[in-house]
Amino acid sequence: MSRLVVVSNRIADPRKTAAGGLAVALGQALEASGGMWFGWSGRIVEDGTPGQGEVTQQQAGAVQLVTLDLSREDHDSYYLNYSSGVLWPVLHYRLDLADFDSGGIAGYRRVNQLFAQKLKALLRPDDIVWVHDYHLIPLAAELRAMGCEQRIGFFLHVPLPPPLILAALPEHDWLMRSLFAYDLVGFQSQADVTHFERYASDELQAQWVGQHGWRAFGKTLQVQAFPIGIDVDEFQALAEGKDARDMLTQLRSDYARRRLLVGVERMDYSKGLPQRLKAFRTLLQNYPENQGSATLIQIASPSRESVDAYAALRAELESLSGAINGEHGELDWMPLRYIHRNVARKRLPALYRAAAVALVTPLRDGMNLVAKEYVAAQDPDDPGVLVLSRFAGAAEQMKEALLVNPYDTARTAETIQRALQMPLAERQQRHQALLARLRAQDVHWWRERFLRALQATQETEKEP
Ligand code: GDG
């Protein structure tokens, strides 16, 4: 069995609860193969030299955690300016928010070279390497240039937009070409795969060779959708914990005569938060029976606060939530509890379970794990209803949710009203179907399918 090497911008200690399902799932595969997880340490060296960084190694059970420090200049250009300031908005279809002139590309290349150089020194010939997300798209190309011949796979956690949106990126040709240095590229949804295929054939003149294969630059690349799941058992176990049970009791008594709605995300413009708050306001206006009853708890945990677009979003949400509570609040009831703080992971299941409706309405999302966590946390006898954006990758798998267009405020409000009034039998039926698929296509299924496909590329390439 080959050793697995996972590479991502940030790493998590898979033994910690706060790490979440993805870290646990990757941790299990790493554990089984005595693998290595490589990434940025989270440390910024203020007067560090660009293109250099110290590596720290630490053992977590059978897993080796290897982290790299970044100089201030590298961090700001690679992470803030290019990854967060250009790639994230473009990949989420927001050309209006991308700062193409920030000059971050040089640092992005430099850090990918630095990652490659440090990683190469630790790689063994028969390692299998799995690279994660948009921060590290050119990593395989850099590794190949240094002579690495290992199998390397890439998974993009965020969406891939259509070719004409990608083409706005000044470096799109270089970036997309560099994907051909991988053996396997995985996307979240079929829509993303379709966008890749159109780009590859129109812009790179790649040839479809059947069986998920695309040929260009003398190389065959496998491309497939691998929708990520959650660890249903881990999440349900979390729901059984003392913190979650205590909080559920508290929420049930606090909202005994009210209807609770919930939204949980990092504060990010891709998540459609202003649109959601407006739909909630329309719900209160158009369906007055909700006045004094429907209460939305919206968690928007702090994220990337030094990027301008995020500061602007925060100001907009603070003003909107103040307006909604000002217009609709009563002496003994506030419709919106807007919380710009992180909530402990062990408490999330209680929040989900207490809520009759979850609002998961991103403008674009690679997958969206909150939608899945909400379903996993429900009481199967009396489950809540998921209102889900058709623009979340999760919508491809979660057809039994109530799908909405988050830009359509009135229809979204109408759908939330329908969710609040849905009869028990229909709620149970929809939940049962959603949960069955959640279990069949969980995070372990995702990991195994990806690694099997990556392993299979090895076998095909070795054939004469
Ligand atoms: C990227 C893609 C894709 C949120 N607030 C708190 C908190 N969370 C947790 C949720 C969930 C996770 O963070 C968020 O996952 P998402 O999938 O919603 O979104 P991104 O962070 O944007 O992740 C996304 C994902 O990668 C995986 O491939 O699905 O499309 O954008 O687990 O529960 N957790 C805690 N406190 C919070 O306040 N503890």
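The values are calculated or read from the model by the stated rules, or taken from the named source; none is laboratory data. Every value quoted in this text rests on a predicted model; they were computed, and no experiment measured them. Here the Cβ positions follow ideal geometry from the backbone for every residue, glycine too, while neighbour counts run over all protein chains shown.
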Could you check how many residues of region 134-166 are touching a Gly at 6+ places or on another chain (Cβ under 6 Å) and assigned to a helix (DSSP H, G or I)? 0
Is there a residue in region 200-216 that is within 28 Å of GLY103 (Cα to Cα), surrounded by 22 or more Cβ atoms within 10 Å (Cβ to Cβ) and either touching a Gly at 6+ places or on another chain (Cβ under 9 Å) or at pLDDT 95 or above (or both)? yes
State whether one or more residues within region 216-227 are in contact (Cβ under 8 Å) with a residue 60 or more places away in the chain and more than 20 Å from GLN188 (Cα to Cα). yes
Identify, by number, the condition in (1) buried (at least 21 other Cβ atoms within 10 Å of the Cβ); (2) away from the ligand (no atom under 15 Å from the Cβ) that GLN298 doesn't meet. (2)
Do any strands (runs of 3 or more DSSP E) entirely within region 1-105 hold 2 or more residues that are outside the structural domain of PHE391 (by TED's automatic domain parsing) and within 15 Å of the ligand (Cβ to nearest atom), and if so, which? 4-10
Grab the strands (runs of 3 or more DSSP E) fully contained in region 212-283, keeping just those with 1 or more residues being in the same structural domain as THR412 (by TED's automatic domain parsing). 260-266
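Every residue, every condition in (1) touching a Ser or Thr at 6+ places or on another chain (Cβ under 6 Å); (2) among the aliphatic types (A, V, I, L, M); (3) more than 14 Å from the ligand (Cβ to nearest atom), yes or no:
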| residue | (1), (2), (3) |
| --- | --- |
| ARG266 | yes, no, no |
| LEU283 | no, yes, yes |
| ASN286 | no, no, yes |
| SER293 | no, no, yes |
| ILE324 | no, yes, yes |
| GLU327 | no, no, yes |
| MET334 | no, yes, yes |
For region 298-310, check the following and say yes or no: at least one residue is of a type in the set (D, E, K, R) and farther than 27 Å from TYR79 by Cβ. no
Looking only at region 36-80, how many residues end up being under 23 Å from the mean Cα position of the chain (by Cα), closer than 17 Å to ARG304 by Cβ and touching a residue at least 40 places away in the same chain (Cβ under 8 Å)? 3
Residue hits (region 300-339; modelled with pLDDT under 95, of a type outside the set (Ser, Thr, Tyr) and in a loop (DSSP other than H, G, I, E, B)) are PRO302, ARG304, GLU305, VAL307, ASP332
Could you run through region 138-158 and say how many residues are within 19 Å of the chain's Cα centre (by Cα) and buried (at least 24 other Cβ atoms within 10 Å of the Cβ)? 1
